[in-house]
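Asks: First the structure, then my questions, so here it is.
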Amino acid sequence: MNHPTPSQTVGPFYGYALPFPGGGDLASGGIGVHGHVYDGAGDPVPDALLEFWQADEHGSLAGSPGTLRRDPTDGSVLGRDGLRFTGFGRVPTDQDGHWALRTVVPGNGYISVCVFARGLLHHLYTRIYLGPDAFLDALPAQRRRTLVATPEREGVYRFDIHLQGEKETVFLDFG
Amino acid sequence: MSEPLKQADIDQEIAARAGEHGEHPARDYAPYRSTLLRHPHRPLVVVKDPDAAELSGPVFGVTDVTTLDNDLTKQHPGEPLGERITVRGRVLDRQGRPVRGQLVEIWQANASGRYLHQRDDHPAPLDPNFTGVGRCLTGDDGGYLFTTIKPGPYPWRNHLNAWRPAHIHFSLFGTAFTQRLVTQMYFPGDPLFPYDPIMQSVTDESARQRLVAGYVHELSEPEYSLGYRWDIVLDGPAGTWMEEGR
Ligand SMILES: [Fe+2]
């Protein structure tokens, strides 16, 4: 087995390189999920970068390419064509630590999240569950709650991420 | 007001953690002060599910990059200032298989150590001919190539007189979301290595060496550019063998 290349923090200056227009618009006409990222003092994290990976509404994980589709004339980002589901999103938090995602309910019940931030030397994985699931049942009730999106109004869910502390989100290890 | 944190204080903290085993930095690495409130206290929850969505991942294709994206010296009317370099290597998984057709993204400071980011207030000049962003897809052998300029070191405020060694930020995708990697590539022989808590957060010496590119004279182009080689190995379970080479 090869030894892996170590992780390093994304740092504070990824903002002109990694985010792209429409990064949080996976699909229209579906649901909205939004929330804040908080640090261990309960303060919002304005320089986190969230990535999302999910199945389509039928549970297919065969996402299409084209998330970053470019205009070959001038190189600008055209983004997804709005018809083929790519399953991938990327959203930097705003100055108030807030993020938002527009997508469809994944057929397998959850949206995978990868969290990067200045001060985070190795990214963290978590999941946004939109309903009950056997995986959640195996967790203590207090912790389970951190993985479940709260319905806020028709088609809109709330999901906050706490990097540390009392309300700390459950983060996942895939071995 | 407390005394400003000095390099000597950080040096002591770095020394106290040196040699700890681990392929990746510990998230609770205090010498890098921004980690303090940004790492979980509870252990991660292990997922052993062969159907986990994270064992697959996003797919990128020829529409997601343009052919000019991997030459950071050609993005403006003029040539950027600095030492022109090429950085190339292969992206592999832990079994040594090439990661094919996947997205590699880089970003970096200019030759003076300044990022094109409005929150970078280091009083070094911006370069109108350099943005510092590149991307490409890996080839069939997992290979990638960028032409750019060598970034400068830059100061930051972790402690008094803190300087980052010159580095290029890399973002990589494998066939599985579990293989995601964001890291930094360093240049051989940089005198700032021992003072930098971000680089030293990789406490295992041999693991830390894996962050340093090699200078390869044969890869230098006569009268044009200096050649560096940096191979990258993605951690985490890969997709199944059937997904290889999608
Ligand atoms: Fe940097």
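The values are calculated or read from the model by the stated rules, or taken from the named source; none is laboratory data. Small disclaimer: the values here were computed from a predicted structure and weren't measured. Please note: Cβ atoms are built from the backbone with ideal geometry, for glycine as well, and neighbour counts cover all protein chains shown. These accessible areas exclude ligands, DNA and RNA; they are computed on the full protein's heavy atoms, side chains included. Shrake-Rupley method; radii C 1.70, N 1.55, O 1.52, S 1.80 Å.
Asks: Which number do you get for Rg(Cα) / (2.2 N^0.38 Å) in chain A? Intermediate results must be reported in sequence, preceding the final value.
Replies: Numbers: Rg = 16.4 Å, N = 175, 2.2 N^0.38 = 15.7 Å.
Rounded to two decimals, the normalised Rg is 1.05.
Asks: If you take the C-alpha gyration tensor of chain B, multiply each eigenvalue by 5 and take the square root, what semi-axes do you get, largest first, in whole Å? Working shown, then result.
Replies: Numbers: eigenvalues 167, 146, 53 Å².
Output for chain B: semi-axes of 29, 27, 16 Å.
Asks: Excluding residues fewer than 8 places away in the same chain, name every one of the lysines whose C-alpha is closer than 27 Å to that of A:Lys167.
Replies: Excluding near neighbours in sequence, the set is B:Lys48.
Asks: Ordered by residue, what ³J(HN,Hα) values in Hz, to whole numbers, does segment B:170-175 give under the Karplus form 6.51 cos²θ - 1.76 cosθ + 1.60, where θ = phi - 60° and Gly and Pro are x?
Replies: 10, 10, 9, 10, x, 7
Asks: Rounded to the nearest 500 deg cm²/dmol, what is the calculated helix-only ellipticity per residue at 222 nm for chain B, with -39500 (n - 2.57) per DSSP H run of length n ≥ 4?
Replies: After summing the helix terms and dividing by residue count, I get -2000 deg cm²/dmol.
Asks: Next question. Expressed as a whole percent, how much of the Cα-Cα distance distribution for the protein assembly as shown exceeds 26 Å?
Replies: On the way: 47720 of 88410 pairs.
The answer is 54 percent, as a whole percent.
Asks: Then there's this: Could you provide, to the nearest whole Å², the per residue accessible area of the protein assembly as shown with probe 1.4 Å?
Replies: On the way: 17800 Å² over 421 residues.
Ligands and nucleic acids excluded, the figure is 42 Å² per residue.
Asks: Between segment B:20-94 and segment A:118-167, what is the separation of their alpha carbon centroids in Å?
Replies: One Cα centre to the other: 24 Å.
Asks: Another question, then. Working out 0.36 nm times the residue gap between A:Arg84 and A:Val156, then minus their Cα-Cα distance, what length gain in nm do you get to one decimal?
Replies: 23.7 nm
Asks: When the solvent-accessible surface of protein heavy atoms is calculated with a 1.4 angstrom probe, in what order do B:Trp156, B:Trp230, B:Trp163 fall, highest first? It would help to have the intermediate numbers written out before the result.
Replies: Working: B:Trp156 55, B:Trp230 5, B:Trp163 95 Å².
Largest to smallest exposure gives the sequence B:Trp163, B:Trp156, B:Trp230.
Asks: Quick one: dipole size for segment A:16-127, taken about the Cα centre, charges +1 on Lys/Arg Cβ and -1 on Asp/Glu Cβ, in debye to the nearest 20.
Replies: 300
Asks: Note every residue of segment B:165-181 with a reduction of at least 50 square angstrom in accessible area, all protein chains present versus the isolated chain, computed with a 1.4 Å probe, or write none.
Replies: So the qualifying set is B:Phe177, B:Arg180.
Asks: So which residues of segment A:75-107 lose at least 20 Å² of accessible area, probe 1.4 Å, when you go from the chain by itself to every protein chain present?
Replies: A:Phe88, A:Arg90
Asks: Roughly speaking, to the nearest percent, how much of segment A:1-108's 1.4 Å accessible area is carbon and sulfur?
Replies: The value for segment A:1-108 is 52 percent carbon and sulfur by accessible area.
Asks: I would also like to ask the following. Can you give the Rg and Dmax of segment B:145-246 based on its C-alpha atoms, in angstrom?
Replies: Every Cα atom of segment B:145-246 included, Rg and Dmax give 16.1, 52 Å.
Asks: Checking the a/c ratio against 1.5 first, then a/b against b/c, what shape does the Cα gyration tensor give for segment B:1-90?
Replies: It is oblate, given that a/c is not under 1.5 and a/b is not larger than b/c.
Asks: Quick check: the distance between the Cα centres of segment B:126-159 and segment A:12-28, to the nearest angstrom?
Replies: 18
Asks: Considering only protein heavy atoms and a 1.4 Å probe, what is the carbon-and-sulfur percentage of the accessible area of chain B?
Replies: Numbers: 6230 of 11000 Å².
Roughly 57 percent of what the probe reaches on chain B is carbon or sulfur.
Asks: Could you tell me which of rounded, prolate or oblate describes segment A:1-93, using a ≥ b ≥ c as the square roots of the eigenvalues of the alpha-carbon gyration tensor, with rounded for a/c under 1.5 and, failing that, prolate when a/b is larger than b/c and oblate otherwise?
Replies: Note, shape of segment A:1-93 comes out rounded.
Asks: Total Å² of accessible surface buried at the B-A contact, 1.4 Å probe, nearest 100?
Replies: Chains B and A together bury approximately 6700 Å².
Asks: Inverting the mean 1/r over all pairs of different Cα atoms, compute the Kirkwood radius of segment A:51-101 and quote it in Å.
Replies: Answer for segment A:51-101: a Kirkwood hydrodynamic radius of 12.5 Å.
Asks: Also: Have a look at A:Tyr38, A:Tyr157, A:Tyr14 and tell me which one the Gaussian network model of chain A (Cα, springs below 10 Å) gives the largest fluctuation.
Replies: Fluctuation is largest for A:Tyr14.
Asks: Can you list the residues of segment B:23-43 that have at least 30 square angstrom less accessible area with all protein chains present than in their chain by itself, probe 1.4 Å?
Replies: B:Glu23, B:His24, B:Pro25, B:Arg27, B:Tyr32, B:Ser34, B:Leu37, B:Arg38, B:Pro40, B:His41, B:Arg42
Asks: If you place +1 on the Cβ of every Lys and Arg and -1 on the Cβ of every Asp and Glu, how big does the dipole about the Cα centre of segment B:7-109 come out, in debye to the nearest 20?
Replies: 200
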